[in-house]
Amino acid sequence: MSVFLFLLCEFIGSIRARTGVLLLYFLLLIFSFLALFSCFFLLGATEKDDQLLMPGEITLYLSGQLSVQQVQDLYLNIRDMQEVRQINYLFHQELDKGLGANVLLVRAVSIDMVPALHSALGQLEGVARVESRASANKTTLSFSTALRIGLLVGLGITVLAGLVLARMGFAELLRSCTNRIRLLRLSGTPEQTIRFPIAAIGAICGLIATALLIAIIYVLHSFAVANPQQFSSTASGLIDTGTVLMTSLLCVPLGLLLGSLGGILGASLTESCNS
Amino acid sequence: MIQVSELHFSTDDGFTVLENVHLHINRGELAFLIGASHAGKSLLLGLLAAQIPSQQGQILVCGRNIARLNKEKTFALRRKIGFLPQHFTLLPKSVADNIIFKLRALGNSREQSEEQALTALETVGLIDKLSTPATELKAIDQLKLAIATSICNEPSLLLCDEPLGGLSPEDKSEAIALLERLNARGLTILVTAKSPLPPIRASHRTILITDGRIKEE
C-alpha cells in the first residue's frame, strides 16, 4: 500500500461523529448542486409541434375502403396485442389535418416497444399508413425565467454552503488528526504527502454524491420511459436516453471538481496544525 | 555531528532568544544541555532538528548546512534526525501501532515496519507491551515509547527536549540509563534538561545555557 493510501485510510479512520455529519452535509450539498444542474437538462415540457403524437404513441391510418365491421375487428385485434397499452378511435373532429380516413391511436406499453409495434401494425391488412414517435422532441420548452433564476441562485447557494461546510468538516477532521500530522512533520513527511489524502477525501465525497444522483436519475428515467405521458409535460428530458446519459456524464467531472475544491480547501488548513 | 556558530535568533517583536551561540557535538557523544525555563533550549533543539527556520548564523547537522537546504533536502535531513519534542503526544493506538504509523508514513511496507517496530521496542525494553494502548502506559513507559518512535527509522542523531520533565527520580535514572544504552550503540544524543540533573557518567558532557547564551561547557 502506498503512503498516500495508508494516510488516506488513517485520516478516514479518524473521522468522528461531528466530522462525519459535517462531511455528510457537504456531500448532500454537492448532490443538491448536481441535482439543480441536472434540472436544466431534464426539466421542461415537450414542445408542441404539428404532430399529433406524444412519445410512445402510434397513429394508424386505415384504408378508407374498410367496412365498419372490418374497422372494429382490426380495433379488437390490435387491442389484444401484448405490446399495446391503450387504443382509441379518433373522430374526424379530433384530427387537425381534417383527414377523412379512419384513424386509430395506439399507445405502446413502453417506448422501447414502439419500433417493433410500428412494424407489426404496418403489416396488418387494411392499414394504409403508420406514424409513430419513440422519443421526445429534441427541442424542449424553456421553463419560466423565474424558475431558471431560481435554479441559478440555488446553484450559487449550494456551492457556497458546500464550501463553508467543507471547511468546517475538514477543520474538525484536522483537529482529530493533529497528533498524527505533528508526528508526520517531525519525521520528515513532506507537506504535500499530508495534504493529498485530505484533498482526496473531498474528491471521494464528490464522487459519492455524483454516483447517488446518477442512480436516482436512472431510476426516474426508467420510470419516465414506462410512463411517457406523465413526464412529457414536466420533465421531457428524463424520457430521452441520450439526454439522461449526457447529463450523467456532465455530472461526473462537476461532482469531482466540487468535491476536490472542498478537499483542497480542507488541505490548506493543515497549516493551522502547527507543532 | 552538530556544529553551531554565531547563531542568533529573535522573536518578531525584537526579543533576542539566542545570542551568539557556539556549540559543537561530536559523533557518538551524549550531551546534556542544561538551562532554566525560557533559556532557549527548546528553540535551539527545534533549529537543530530543522523544524524551525534559522535567522542568522550557521548550523551544520550531519554535515548539512540547514540554512541552505531546500524543502526536499530539509525533509530528507529530518528523516536522519530523531526528534522528541517537549510535549510529545502518543497516538491513541497500541504501542506497536504508534511506531508502525511513523514507519509506514515514511514509505515502509507493513512487514518491514512491524519488524523495525519490534527492534525499536526491544531496544527500549517495551517488547512485552506491544498490544497495550499507548495512553494506558506509565509515564516512563510513554517516554520509552516516544524514544522508540524517534529511533525506529535508525537516525544518526537523537534530539530530546526535556524528556525527564514530570518523571520521578527513579524514572529519571531509568530514562538516563536508556539514553546511555542507546549512546553506547553509537547514537549521538543531545538532551535538554532543567537542573538539577540526576547523576550521569563523567564522560558525558553537560552544557549550560542561560538567557540564550552558552555559558559554560
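The values are calculated or read from the model by the stated rules, or taken from the named source; none is laboratory data. Everything numeric in this text was worked out from a predicted model, so none of it was measured. Glycine gets a Cβ as well: all are built from the backbone with ideal geometry, and neighbour counts include every protein chain shown. Quick note on the areas: whole protein, heavy atoms, side chains included, nothing else; ligands and nucleic acids left out. Shrake-Rupley method; radii C 1.70, N 1.55, O 1.52, S 1.80 Å.
The table that follows gives values for the structure above.
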{"item": "Residues located in the range B:49-65, provided they are in a strand (DSSP E or B), within 14 Å of chain A (Cβ to nearest Cβ) and in contact (Cβ under 8 Å) with a residue 24 or more places away in the chain", "result": "B:Val61"}
{"item": "Answer from A:Leu256, A:Leu249, A:Leu265 - the residue that is open to solvent by 40 Å² or more (accessible area, probe 1.4 Å), of a type outside the set (Phe, Trp, Tyr) and over 17 Å from the mean Cα position of the chain (by Cα)", "result": "A:Leu265"}
{"item": "Qualifying residues in the range B:73-87 (those that are more than 9 Å from chain A (Cβ to nearest Cβ) and not basic (Lys, Arg)) - the one least open to solvent (accessible area, probe 1.4 Å)", "result": "B:Gln86"}
{"item": "Test result for B:Asp171, farther than 21 Å from B:Asn26 by Cα, open to solvent by less than 80 Å² (accessible area, probe 1.4 Å) and out of contact with any Gly (no Cβ under 6 Å at 6 or more places or on another chain)", "result": "yes"}
{"item": "Criterion violated by B:His8 - all others in (1) surrounded by 15 or more Cβ atoms within 10 Å (Cβ to Cβ); (2) under 19 Å from B:Ile189 (Cα atoms); (3) out of contact with any His (no Cβ under 7 Å at 6 or more places or on another chain) satisfied", "result": "(2)"}
{"item": "Single residue of the range A:173-228 satisfying the filter (aromatic (Phe, Trp, Tyr) and free of Cβ contacts under 8 Å to residues at least 40 places away in the same chain) that is least open to solvent (accessible area, probe 1.4 Å)", "result": "A:Tyr218"}
{"item": "Unique match (being open to solvent by less than 10 Å² (accessible area, probe 1.4 Å) and closer than 22 Å to B:Ala39 by Cα) among B:Leu190, B:Leu182", "result": "B:Leu190"}
{"item": "For A:Ile194: the one exception among (1) away from every other protein chain (no Cβ under 14 Å); (2) closer than 24 Å to A:Leu27 by Cα; (3) among the β-branched types (Val, Ile, Thr)", "result": "(1)"}
{"item": "Matching residues in the range A:1-38 - criterion: being open to solvent by less than 40 Å² (accessible area, probe 1.4 Å), free of Cβ contacts under 8 Å to residues at least 12 places away in the same chain and away from chain B (no Cβ under 14 Å)", "result": "A:Gly20"}
{"item": "Of all residues making up the range B:109-118, the number that are touching a residue at least 24 places away in the same chain (Cβ under 8 Å) and open to solvent by 40 Å² or more (accessible area, probe 1.4 Å)", "result": "1"}
{"item": "Subset of the range B:10-45 [farther than 15 Å from B:Ala193 by Cβ and assigned to a loop (DSSP other than H, G, I, E, B)]", "result": "B:Thr11, B:Asp12, B:Asp13, B:Gly14, B:Phe15, B:Asn26, B:Arg27, B:Gly28, B:Glu29"}
{"item": "Residues (of a type in the set (Ser, Thr, Tyr), closer than 23 Å to B:Gly166 by Cα and at pLDDT 80 or above) located in the range B:181-204", "result": "B:Thr192"}
